[in-house]
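The values are calculated or read from the model by the stated rules, or taken from the named source; none is laboratory data. Computed from a prediction, not measured in an experiment: that's the story for all the values here. Cβ placement follows ideal geometry from the backbone for every residue including glycine, while neighbour counts extend to all protein chains displayed. We work out accessible area using only protein heavy atoms, side chains counted, and drop any ligands, DNA or RNA first. Shrake-Rupley method; radii C 1.70, N 1.55, O 1.52, S 1.80 Å.
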Amino acid sequence: MVANLEKVTEIVKEVYKNKEAIKEVNAAIIAKIYTDQSILLKDMIYPGEGLLTTSKSFKKLSSDLNIQAGTFSKAFWVEVAKKNDTEFNSFLTALKPGNDSKDKLNQKKVQNLKANDYDPNQYQGLPPDGVSLYYPYAEQYINPFDNSGNYSPSTSVMTATAEADEGYGWQPIYDSNGNMGYTQVVINDDYAYANPTLIIGINGIEPLSETITNGVEAAFPPGPPVTIFGLTRTVRKVFVGDVRVSKHQYDHFISFSGNGGGSEIRFTRASGYLKVIDGQVQPTADVFLVNGPYNVSRGDIRNSRWVNWTATWDADWQQDNLEQNLAIYEDDNTSSSTLNLSVTTTVSVGGQKQTGTVGGTITYKSLDDIIRQNNHKYASFFPFNRGEGGEPTYAGWLIFDNYSTVSFTLPDKLFIQ
């Protein structure tokens with residue numbers, strides 16, 4: 001795999017002497033067809049057959065910036081032909097969209113997906129040879145509406161040859177005649193933050209439908225109760241609001257295992273409210289995965305920027321549900337772990353409500369320790385959530401774990417009849 005990735009890199013170094021090819025790749029990345037500032041190589045070298053060809057965002061950018069679709073592909077295959085490498089040709093053929101039956105299924109899913117149905121785990125079936133072109137800190141350099149120099153051929157290129165936070169790559173240089181070549185340099189987060197950089201590897205990216213990209217609910221400040229005609233009782237809805245990952249990068253900078261790039265932060269909720277089976281209190285609480293944005297970029301983490309999450313944590317937290325468990329972890333594709341929890345809640349036994357303790361287990365995959373796991377009590381959560389206790393707030397909401405690696409808010413709305 002590494003040998004073939006290095007061959008791809010050598011070709012990209014030649015292709016990136018063409019500024020129009022760079023322009024096309026950059027547009028594909030900022031069109032957000034996939035997560036994590038990336039585009040799959042197969043979408044670029046088979047431009048009429050992958051998800052790129054169905055993206056409205058990419059089509060609009062191509063029109064606005066006068067991008068000739070297929071420029072990268074044409075230049076790429078010219079360089080491939082020069083190598084006359086049968087093994088490498090077979091490797092590239094295996095990447096072709098549709099050669100894997102799972103790939104067809106994923107394309108069908110992403111085209112029909114709605115924002116509220118987003119489950120990041122359902123895309124784990126992507127072929128393991130999903131070679132990605134990853135542009136960390138792309139927001140530093142790519143301005144889709146400025147065509148005055150952002151796409152000059154000055155992008156450094158490197159191969160993911162290990163799971164690591166730095167490695168050797170190639171920086172463009174020019175001779176006295178203006179001819180472009182490359183010099184070897186060490187590339188890491190600091191380098192990529194200061195220099196446009198493309199990493200050829202397997203970053204573990206996922207497809208995004210445009211309904212998901214544009215479907216995140218808007219963040220909202222604290223406000224009065226919302227009156228809904230016909231509502232039969234009071235409803236309290238709680239969201240994971242804004243999330244900030246401060247400085248700590250949970251994934252490696254470069255990767256060919258699918259565990260690189262941005263951090264895939266996951267929130268869960270566990271509740272055992274009124275859970276009874278055959279007249280007996282259910283011994284295990286239900287655990288729910290919160291469907292927020294897929295990841296937090298390295299740039300957002302490096303700069304400790306707040307990211308709008310605004311995903312439902314509990315659509316109806318009832319007063320008798322005395323406490324619920326919230327856990328946070330960084331999602332990887334290997335190393336399964338379990339986390340035990342216990343919540344006090346109201347259970348119904350023989351038609352009578354009683355207070356009881358219910359245990360549960362969260363099973364997750366991560367190469368890191370659990371980030372956060374604690375219970376939130378109904379009685380104290382809502383009185384303090386608007387920062388009235390004098391604690392730090394963001395956008396009017398109490399900041400949970402303000403001095404930890406991952407900080408977050410939990411906005412709530414009260415609906416009344």
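The table that follows gives values for the structure above.
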quantity: The range 14-27, residues that are touching a residue at least 60 places away in the same chain (Cβ under 8 Å) and crowded, with 20+ Cβ neighbours inside 10 Å; calculated: VAL15, TYR16, ILE22, LYS23, VAL25, ASN26, ALA27
quantity: Hits in the range 27-51 (condition: over 18 Å from the mean Cα position of the chain (by Cα), part of a helix (DSSP H, G or I) and not β-branched (Val, Ile, Thr)); calculated: ALA27, LEU41, LYS42, ASP43, MET44
quantity: Identity of the residue in the range 300-339, among the polar types (S, T, N, Q), in a strand (DSSP E or B) and touching a residue at least 60 places away in the same chain (Cβ under 8 Å), that ends up surrounded by the fewest Cβ atoms within 10 Å (Cβ to Cβ); calculated: ASN308
quantity: Residue in the range 386-393 that is assigned to a strand (DSSP E or B), in contact with a Leu (Cβ under 9 Å, 6 or more places away or on another chain) and either of a type in the set (Gly, Ala, Ser) or crowded, with 17+ Cβ neighbours inside 10 Å (or both) present; calculated: no
quantity: Pairs with Cβ under 7 Å, 6+ apart, first in the range 358-376 and of a type in the set (Gly, Ala, Ser) and part of a strand (DSSP E or B), second at pLDDT below 90 and open to solvent by 60 Å² or more (accessible area, probe 1.4 Å); calculated: GLY359/PRO283; GLY359/THR284; GLY359/ASN340; GLY360/THR284
quantity: Boolean, LYS19 is farther than 24 Å from PRO207 by Cα, out of contact with any Asp or Glu (no Cβ under 7 Å at 6 or more places or on another chain) and among the charged types (D, E, K, R); calculated: yes
quantity: Any hit, the range 136-159, residues being touching a Gly at 6+ places or on another chain (Cβ under 9 Å), modelled with pLDDT under 80 and closer than 25 Å to ASN333 by Cβ; calculated: no
quantity: Where a residue in the range 157-183 is of a type in the set (Ser, Thr, Tyr) and its partner, wherever it lies, is part of a loop (DSSP other than H, G, I, E, B) and surrounded by 11 or more Cβ atoms within 10 Å (Cβ to Cβ), with Cβ under 6 Å and at least six apart; calculated: none
quantity: Matching residues in the range 290-334 - criterion: being touching a helix residue (DSSP H, G or I) at 6+ places or on another chain (Cβ under 7 Å), within 17 Å of ILE265 (Cβ to Cβ) and of a type outside the set (Lys, Arg); calculated: TYR294, GLY299, VAL307
quantity: Some residue of the range 169-183 being among the aromatic types (Phe, Trp, Tyr), modelled with pLDDT of 95 or more and open to solvent by 20 Å² or more (accessible area, probe 1.4 Å); calculated: yes
quantity: The range 64-94, subset over 27 Å from the mean Cα position of the chain (by Cα) and hydroxyl-bearing (Ser, Thr, Tyr), residue least open to solvent (accessible area, probe 1.4 Å); calculated: THR71
quantity: Residue in the range 203-212 that is assigned to a loop (DSSP other than H, G, I, E, B), at positive phi and out of contact with any helix residue (DSSP H, G or I) (no Cβ under 9 Å at 6 or more places or on another chain) present; calculated: yes
quantity: Residue satisfying all of: in the range 358-379; hydroxyl-bearing (Ser, Thr, Tyr) and surrounded by 14 or more Cβ atoms within 10 Å (Cβ to Cβ); farthest from GLU323 (Cα to Cα) among these; calculated: SER366
quantity: Contacts under 7 angstrom Cβ, first residue in the range 53-66 being within 22 Å of LYS96 (Cα to Cα) and outside any helix (DSSP H, G or I), partner at pLDDT 85 or above and not acidic (Asp, Glu), 6 or more apart; calculated: SER55/ALA31; SER55/ILE33
quantity: Boolean, PHE267 is assigned to a loop (DSSP other than H, G, I, E, B), in contact (Cβ under 8 Å) with a residue 12 or more places away in the chain, open to solvent by less than 50 Å² (accessible area, probe 1.4 Å) and under 27 Å from THR393 (Cα atoms); calculated: no
quantity: Lone unmet requirement of (1) surrounded by 24 or more Cβ atoms within 10 Å (Cβ to Cβ); (2) more than 19 Å from SER335 (Cβ to Cβ); (3) modelled with pLDDT of 90 or more for ASP251; calculated: (2)
quantity: Selected residue (criterion: farthest from the chain's Cα centre (by Cα)) from residues of the range 277-299 that are at pLDDT 85 or above and part of a loop (DSSP other than H, G, I, E, B); calculated: VAL290
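So that you can scan it fast, the table gives a plain yes or no per residue for (1) closer than 15 Å to ASP286 by Cβ; (2) not hydrophobic (A, V, I, L, M, F, W, C):
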position: ASN321; (1), (2): yes, yes
position: THR334; (1), (2): no, yes
position: SER337; (1), (2): no, yes
position: THR346; (1), (2): yes, yes
position: THR355; (1), (2): no, yes
position: GLY359; (1), (2): yes, yes
position: ILE362; (1), (2): yes, no
position: ILE370; (1), (2): no, no
